[in-house]
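Participant: Supplied in structure tokens, the structure appears directly below.
The values are calculated or read from the model by the stated rules, or taken from the named source; none is laboratory data. The model shown is predicted, which means the values in this text are computed figures rather than measured ones. Here the Cβ positions follow ideal geometry from the backbone for every residue, glycine too, while neighbour counts run over all protein chains shown. What goes into the accessible areas is simple: the full protein's heavy atoms, side chains included, and nothing from ligands, DNA or RNA. Shrake-Rupley method; radii C 1.70, N 1.55, O 1.52, S 1.80 Å.
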Amino acid sequence: MHTSYYRVDDHTYFERFGLGFDHLNVGQKFIHRPGVTFSQQDNVNEALDSVNSAMVHFDQCFAEHTSWRKNIMVSTLTLQRLIGMTTKTFGRRRRIVAMSSIALTKAIFAGDTLYVESEVIGLEDIDGDLGRVTLRTEGFNQHGEKVATLDYTIELWRSAAGPDREQCPDSPVMEARFASHLQRSDGAWLEQVGVFFEDLRAGETFIHSPRRTILAEEAVLHALRALDWNPQTHDAEYARAAGLPGPVVLQTWGIGIAVALSTRTFGRVTVNLGWSDVKFGVDLMAGDTIEARSTVLDTRLSRSRPDEGVVTVLTTVHNQRGEFVNSYQRVLMVYRRSAPNPYGAAGY
């Protein structure tokens, strides 16, 4: 089996996603999850942000006069997602060396969902830290029709190497509840997402990884979109007059990022019932990197939803200097492994 968790101590686990070069064999096939549904807004953003002037991507009136009859997705958006959606397996990639072929075999439109599968075509040693992996990654829509094939080569860190080596303990936890992939009857490895209710135990702590650096542009944008127009979130001169080095990151956005960091372990949550005991420490500033860790405080079966359980979690966040940023408790509904759930029917 492959695991995404490494033991820090008897009750603390470090998340680490992506396989090492030494975990791979030629002929291995990986079924990546989750899928991603395209929208026309995705299409417009990709075209305009990249200054793509092909109006078939963003002008519906024009597109109606083409053979497509509607806006077709930008091919570079498909390419980016083909690579991005392999991250749970190949997220320890150092770099892409080359792409020998990018074939787009069927058009993608708004509302289509992309699913991705990869096969290991070749392996080559580089040194004690890195190996070279040749992959074929294929994209399929929600009807199972192939929409793209990408042949390319990457450099991949070995399991005992990489920039996170000092951060990650050298003790993978080989427990079924933490398996990152499930082997299907045809031999392919299906990526799994999150830990089921029965496998979350009170007293256990998860150090969420990777961490997250907050950019100035996104911090301002989230404040403006939240209608939080306090000038210290977007007016640099006002912030400096208030004794700050620059605009502060919205505190609610800091919570949002921390919650998102926890969704790889808590990926089987059905709903967040709310927060309590929210505390704030130092201000978050653009350029700060935050790390979140969550401790399971309590688990119990749901009285109203027999297919789910209730989990109470304490999450604590620190910046790159070890300073306390925020903490909160959440109550989550989580799918039970032993009860009906949507994963099998959805191809997960």
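Participant: Based only on Cα atoms, what mean projected area does the convex hull of the stretch 247-348 have, in nm²?
Facilitator: Result: 7.6 nm².
Participant: Which Cα, out of 342, 142, 178, lies furthest along the positive dipole direction of the chain (beta carbon charges, K/R +1, D/E -1)?
Facilitator: Of the listed residues, the answer is 342.
Participant: Another question, then. When only alpha-carbon atoms are used, what values of Rg and Dmax, in angstrom, describe the chain?
Facilitator: Rg and Dmax of the chain, Cα atoms, are 22.1, 64 Å.
Participant: Hey, another quick one. Under 18 Å Cα-Cα from residue 88, which lysines qualify once same-chain neighbours fewer than 8 residues away are excluded?
Facilitator: 29
Participant: Separate question: Taking one equal scatterer on every alpha-carbon of the stretch 186-320, how large is log10 of I(q)/I(0) by Debye at q = 0.15, 0.22 1/Å?
Facilitator: Cα-only, vacuum Debye calculation for the stretch 186-320: -0.82, -1.29.
Participant: Sorted from largest to smallest, which semi-axis lengths in Å does the alpha carbon gyration tensor of the stretch 272-315 give for its equivalent ellipsoid, taking the root of 5 times each eigenvalue?
Facilitator: On the way: eigenvalues 184, 22, 19 Å².
That gives 30, 11, 10 Å for the three semi-axes.
Participant: Okay, moving on. Counting only Cα, what are the radius of gyration and maximum Cα-Cα distance Dmax of the stretch 90-211, in Å?
Facilitator: Reported Rg and Dmax, both Å: 17.6, 50.
Participant: Here's another thing I want to ask about it. Given Cα pairs under 8 Å that are at least 6 residues apart, what percent is the relative contact order of the chain? List each step's numbers first, then the result.
Facilitator: Working: 757 pairs, mean separation 59.9, N = 348.
Averaging sequence separation for qualifying contacts and normalising by length gives 17 percent for the chain.
Participant: So how do 64-74, 121-131 stack up, highest first, on mean other-Cβ count within 10 Å?
Facilitator: 64-74, 121-131
Participant: Which of the trypsin sites (Lys or Arg not before Pro) across the stretch 168-203 are loop residues per DSSP, with 15 or fewer other Cβ within 10 Å?
Facilitator: Values: sites: 177, 184, 201; in loops: 184, 201.
In loop regions of the stretch 168-203 (DSSP not H, G, I, E or B), the sparsely surrounded trypsin sites (Lys or Arg not before Pro) are 184, 201.
Participant: Continuing with this model, one more query. Could you pull out every one of the lysines with an alpha carbon less than 18 Å from that of residue 70, ignoring same-chain neighbours closer than 8 positions?
Facilitator: Partners within reach: 106.
Participant: Which of 270, 167, 304 sits farthest toward the positive end of the charge dipole of the chain, with +1 on the Cβ of Lys and Arg and -1 on the Cβ of Asp and Glu?
Facilitator: 304
Participant: Treat each spin label as a single point 7 Å out from the Cα along the C-beta direction, and report the residue 230 to residue 124 distance in nm.
Facilitator: Going from the residue 230 label point to the residue 124 one covers 5.5 nm.
Participant: Report, to the nearest whole %, how much of the accessible area of the stretch 114-249 belongs to carbon and sulfur atoms, 1.4 Å probe, protein only.
Facilitator: Numbers: 3370 of 6640 Å².
So the carbon and sulfur contribution to the accessible surface is 51 percent.
Participant: Using the per-residue mean of other Cβ atoms lying within 10 Å as a proxy for protection, in what order, highest first, do the peptides 299-310, 206-217 fall? Write down the numbers at each step before the final one.
Facilitator: On the way: 299-310: 14.5, 206-217: 17.2.
Those peptides, ordered most packed to least, come out 206-217, 299-310.
Participant: How much mean residue ellipticity at 222 nm does the chain get from its helices, if each DSSP H run of length 4 or more adds -39500 (n - 2.57) and you divide by all residues, to the nearest 500 deg cm²/dmol? Don't skip to the end; give the middle numbers.
Facilitator: On the way: 7 runs with 55 residues, N = 348.
Calculated mean residue ellipticity at 222 nm is -4000 deg cm²/dmol.
Participant: Still on this structure: Roughly how big is the stretch 194-348's charge dipole about its Cα centre, with Cβ charges of +1 (Lys, Arg) and -1 (Asp, Glu), in debye to the nearest 20?
Facilitator: Numbers: 16 positive and 16 negative charges, 118 e Å.
Here the stretch 194-348 has a charge dipole of around 560 debye.
Participant: Could you calculate the FRET efficiency of residue 263 with residue 218 from 1/(1 + (r/R0)^6), where r is the beta carbon distance between them and R0 is 25 Å, rounded to 0.05?
Facilitator: After rounding, the FRET efficiency stands at 0.90.
Participant: Could you tell me how many cubic angstrom of Cα convex hull volume the stretch 57-157 has per residue?
Facilitator: Values: hull volume 10.2 nm³, N = 101.
Hull volume over Cα atoms, normalised by residue count, gives 101 Å³.
Participant: Averaged per residue, what accessible area in Å² does the chain show with a 1.4 Å probe, protein chains only? Let's see the in-between values first.
Facilitator: On the way: 16920 Å² over 348 residues.
In whole numbers, the chain has 49 Å² accessible per residue.
Participant: Sticking with this one: Calculate the dipole size of the stretch 164-256 relative to its Cα centre from +1 charges on Lys and Arg beta carbons and -1 charges on Asp and Glu beta carbons; express the result in debye to the nearest 20. Display every interim value, and only then the final one.
Facilitator: Values: 8 positive and 14 negative charges, 25 e Å.
Dipole size: approximately 120 debye.
Participant: A further question follows. Rounded to the nearest 20 Debye, what is the dipole magnitude of the chain about its Cα centre when Lys and Arg each give +1 and Asp and Glu each give -1 at the C-beta? Numbers along the way, then the final one.
Facilitator: Values: 36 positive and 42 negative charges, 148 e Å.
Using Cβ point charges on Lys, Arg, Asp and Glu, the chain gives about 700 debye.
Participant: Report the far tail of the P(r) of the stretch 113-182, meaning the percent of Cα-Cα pairs longer than 16 Å. List each step's numbers first, then the result.
Facilitator: Values: 1594 of 2415 pairs.
So the pairs more than 16 Å apart make up 66 percent of the total in the stretch 113-182.
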